[in-house]
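J.: This is the structure I have questions about; it appears just below.
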Amino acid sequence: MNLLRLCEIAESRGCQIEIDYYVPFSAQIGDCYDLVNENIVYWRTGDIESSLIEFGIGSNTGVLKKVTLTAVGNAVLSDVIIKNNKIEDGTSVFDNSIIPQKGIYDYIKDFQVFLGKSTITAIIGKIDECNQIVRLGRMNIGFDYEKYVTHVSINNLTIEEHKDLKESLKL
């Protein structure tokens, strides 16, 4: 399995969320000074052409730097109920050993996006196996018992953000 795997949870950093008609959501973690000593490498999933979500992580540290939902091929207007055992605040640190020298790893597997009343959720793994959620501001990232990513959610959408996402996802 080549899903992205959580190694540890670091101290919370700032998380700036942008909701856009063309790029449904983008989350920037930390600030520009965090990028001075390392490059960003990418773990991406989707069919890479019509659906794509990417996680930008530090090449040396594995610390999450950004998450971008670039393209959506499969979206539904519905809330998702996620049952989990534990919610922890912090910044995800990932195992970046699967990412090759070129700096991009593509895990070709489509995902589904759910737009609820106040949340957008991209389901990447088996959502019913979510055991832990790492919360960073408005963003939640879920992990299963083996610490593989299950989903990413952006919470507390404003009315305007919900409207933009609904139009963007053609729902």
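J.: Residues to consider are ILE133, ILE159, ILE127, ILE123; find the one that is farther than 21 Å from LYS65 by Cα, out of contact with any Pro (no Cβ under 9 Å at 6 or more places or on another chain) and surrounded by 19 or more Cβ atoms within 10 Å (Cβ to Cβ).
T.: Criteria check complete, one pass: ILE127.
J.: What about GLN101, is it in a strand (DSSP E or B) and open to solvent by 20 Å² or more (accessible area, probe 1.4 Å)?
T.: No: the conditions fail for GLN101.
J.: Which residues, taken from segment 122-171, are assigned to a loop (DSSP other than H, G, I, E, B), in contact with a strand residue (DSSP E or B) (Cβ under 7 Å, 6 or more places away or on another chain), under 16 Å from CYS15 (Cβ atoms) and without any contact (Cβ under 8 Å) to a residue 60 or more places away in the chain?
T.: If the condition is that a residue be assigned to a loop (DSSP other than H, G, I, E, B), in contact with a strand residue (DSSP E or B) (Cβ under 7 Å, 6 or more places away or on another chain), under 16 Å from CYS15 (Cβ atoms) and without any contact (Cβ under 8 Å) to a residue 60 or more places away in the chain, then ASN155 is the only one that fits.
J.: Could you please find all residues in segment 139-171 being aromatic (Phe, Trp, Tyr) and either within 16 Å of the chain's Cα centre (by Cα) or within 15 Å of PHE25 (Cβ to Cβ) (or both)?
T.: PHE143, TYR148
J.: Which condition number in (1) open to solvent by 70 Å² or more (accessible area, probe 1.4 Å); (2) under 17 Å from LEU136 (Cα atoms); (3) in a loop (DSSP other than H, G, I, E, B) is the one that TYR21 fails?
T.: Condition not satisfied by TYR21: (2).
J.: In addition: Tell me, yes or no, whether segment 56-77 has at least one residue that is crowded, with 18+ Cβ neighbours inside 10 Å and either aromatic (Phe, Trp, Tyr) or free of Cβ contacts under 8 Å to residues at least 24 places away in the same chain (or both).
T.: Looking for residues that are crowded, with 18+ Cβ neighbours inside 10 Å and either aromatic (Phe, Trp, Tyr) or free of Cβ contacts under 8 Å to residues at least 24 places away in the same chain (or both), one finds at least one in segment 56-77, hence yes.
J.: Report yes if ILE81 is of a type in the set (A, V, I, L, M), under 19 Å from VAL134 (Cβ atoms) and open to solvent by 50 Å² or more (accessible area, probe 1.4 Å), otherwise no.
T.: Spelling it out, ILE81 is indeed of a type in the set (A, V, I, L, M), under 19 Å from VAL134 (Cβ atoms) and open to solvent by 50 Å² or more (accessible area, probe 1.4 Å).
J.: Taking the criterion of being touching a residue at least 24 places away in the same chain (Cβ under 8 Å), assigned to a loop (DSSP other than H, G, I, E, B) and open to solvent by less than 30 Å² (accessible area, probe 1.4 Å), would at least one residue in segment 36-46 satisfy it?
T.: So far as segment 36-46 goes, no, none of its residues is touching a residue at least 24 places away in the same chain (Cβ under 8 Å), assigned to a loop (DSSP other than H, G, I, E, B) and open to solvent by less than 30 Å² (accessible area, probe 1.4 Å).
J.: If you don't mind, another one. Going by the structure shown, is PHE114 modelled with pLDDT of 95 or more, within 24 Å of ILE19 (Cα to Cα) and surrounded by 14 or more Cβ atoms within 10 Å (Cβ to Cβ)?
T.: yes
The values are calculated or read from the model by the stated rules, or taken from the named source; none is laboratory data. Since the model is a prediction, treat every value here as computed from it, not as a measurement. Because the Cβ atoms are built from the backbone with ideal geometry, glycine has one as well, and the counts that use them run over all protein chains shown. Each accessible area value is taken on the protein alone, full model and side chains, heavy atoms only, with ligands, DNA and RNA left out. Shrake-Rupley method; radii C 1.70, N 1.55, O 1.52, S 1.80 Å.
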